[in-house]
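These notes concern the structure reproduced below.
The values are calculated or read from the model by the stated rules, or taken from the named source; none is laboratory data. Nothing here was measured: the structure is a model prediction, and the numbers come from that model. Quick reminder, even Gly has a Cβ in these numbers, built from the backbone with ideal geometry, and neighbours come from all protein chains shown.
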Amino acid sequence: MLQRLAPFEHAGSVTRLVTRYQRGEIVQASDSLVVECPVALVFNGISHAVMMATPIDLEVFALGFALSEGIVERASDVFDVEVFSTADSVEVQLTISQQAFAALKGKRRALAGRSGCGVCGVESIELLDLHPARITHAGAAANIGIDAVERAARALPERQVLMRDTGGMHAAAWCSSAGDILDVFEDVGRHNALDKLIGQLARSKADMRSGFVFMSSRASYELVRKTARMQIPMLATISAPTSLAVDIAQQAGIRLLGFCRGNGFVEYAGDAGGDA
């Protein structure tokens, strides 16, 4: 039975009893684990996607998913978001504009997404949208300096509260062009964390051309594609990108950085000749 879930009831971690084996000792203790559960996204009464996610910040997650997947063009197309729970799952019900809903029904997508994958269940290769248009402000991040990226890389661990608690969370951070971290969202899935961040940026009407996204993960296809849909000019990640991520970034005019640490990074794609 569905039961309305209030924001304060969302849980990112739980405690379980464990046995620790270390330096020849066996100790009974408690440990914090990441919560992972099915989160169904329902648009105008029609179930569209089931994602394995951490059930916190679900309102902005649903909004960010709707925007980054191209289900709606703007945040104002989402009229309402309600979160409900069952014994072992969560359902997020969105009410969207009739125009957006008609377009959604026109391109059916039955998606059952694992926490590590953003495209499971896509019905055809065409729906992957592997050839994005160039973002409007390609090159807007060309002047973001080495110091800014290093500053963000050094600051992110302190902002990963659930990661410190559980050791198993990804984070997506919104950074100013100077490298100051302005907001952070965490989730068991890297693309879910990014959707949560995108949802918050859209809800707060932030200028997504004015900074960059920094992520505690590798840069995979779906992260760059979501970034391109939102016209974000730069994506930086702690680990390496995939070849498709680099290809998508080059097509879209997005600056893509990998292996971002406190002492440098690798630039895989960029556009210094944009209209910034």
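Answer yes or no as to whether Glu73 is outside the structural domain of Ala172 (by TED's automatic domain parsing), within 25 Å of Gln93 (Cβ to Cβ) and surrounded by 17 or more Cβ atoms within 10 Å (Cβ to Cβ).
Values: outside the structural domain of Ala172 (by TED's automatic domain parsing): yes; within 25 Å of Gln93 (Cβ to Cβ): yes; surrounded by 17 or more Cβ atoms within 10 Å (Cβ to Cβ): no.
Criteria not met by Glu73.
Inside the stretch 152-174, can you point out the residues that are touching a residue at least 60 places away in the same chain (Cβ under 8 Å) and within 18 Å of His191 (Cβ to Cβ)?
Here is the first cut: in the stretch 152-174, the ones touching a residue at least 60 places away in the same chain (Cβ under 8 Å) are 152-154, 156, 162, 165-166, 168-169.
Matches in the stretch 152-174: Leu156, Leu162, Gly168, Met169.
Can you confirm whether Ser30 is more than 18 Å from the chain's Cα centre (by Cα), hydroxyl-bearing (Ser, Thr, Tyr) and closer than 22 Å to Arg225 by Cα? Don't jump to the end; show me each part of the working.
Details: more than 18 Å from the chain's Cα centre (by Cα): yes; hydroxyl-bearing (Ser, Thr, Tyr): yes; closer than 22 Å to Arg225 by Cα: no.
In short, no.
Looking only at the stretch 140-193, filter to residues that are farther than 22 Å from Arg229 by Cβ and polar (S, T, N, Q); which one of those is surrounded by the fewest Cβ atoms within 10 Å (Cβ to Cβ)?
Asn143
Can you go through Ala178, Ala148, Ala140, Ala155 and tell me which one is out of contact with any Leu (no Cβ under 9 Å at 6 or more places or on another chain), at pLDDT below 95 and hydrophobic (A, V, I, L, M, F, W, C)? Reasoning before the result, please.
Numbers: Ala178 fails: at pLDDT below 95; Ala148 fails: at pLDDT below 95; Ala155 fails: at pLDDT below 95.
Checking each option against the conditions leaves just Ala140.
Going residue by residue through the stretch 40-53, is there one that turns out to be at pLDDT 90 or above and assigned to a loop (DSSP other than H, G, I, E, B)?
Yes: one or more hits.
Rundown of residues vs (1) basic (Lys, Arg); (2) under 20 Å from Ala62 (Cα atoms); (3) modelled with pLDDT of 95 or more, yes/no style:
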{"site": "Trp174", "(1), (2), (3)": "no, yes, yes"}
{"site": "Leu182", "(1), (2), (3)": "no, no, yes"}
{"site": "Asp187", "(1), (2), (3)": "no, yes, yes"}
{"site": "Lys205", "(1), (2), (3)": "yes, yes, yes"}
{"site": "Leu257", "(1), (2), (3)": "no, no, yes"}
{"site": "Asn263", "(1), (2), (3)": "no, no, no"}
{"site": "Val266", "(1), (2), (3)": "no, no, yes"}
{"site": "Gly270", "(1), (2), (3)": "no, no, no"}
{"site": "Ala276", "(1), (2), (3)": "no, no, no"}
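Residues Leu63, Leu41, Leu33, Leu58: which one is surrounded by 12 or more Cβ atoms within 10 Å (Cβ to Cβ), closer than 17 Å to Asp165 by Cβ and touching a helix residue (DSSP H, G or I) at 6+ places or on another chain (Cβ under 9 Å)? Walk me through it before giving the result.
Working: Leu63 fails: closer than 17 Å to Asp165 by Cβ; Leu41 fails: closer than 17 Å to Asp165 by Cβ; Leu58 fails: closer than 17 Å to Asp165 by Cβ.
Checking each option against the conditions leaves just Leu33.
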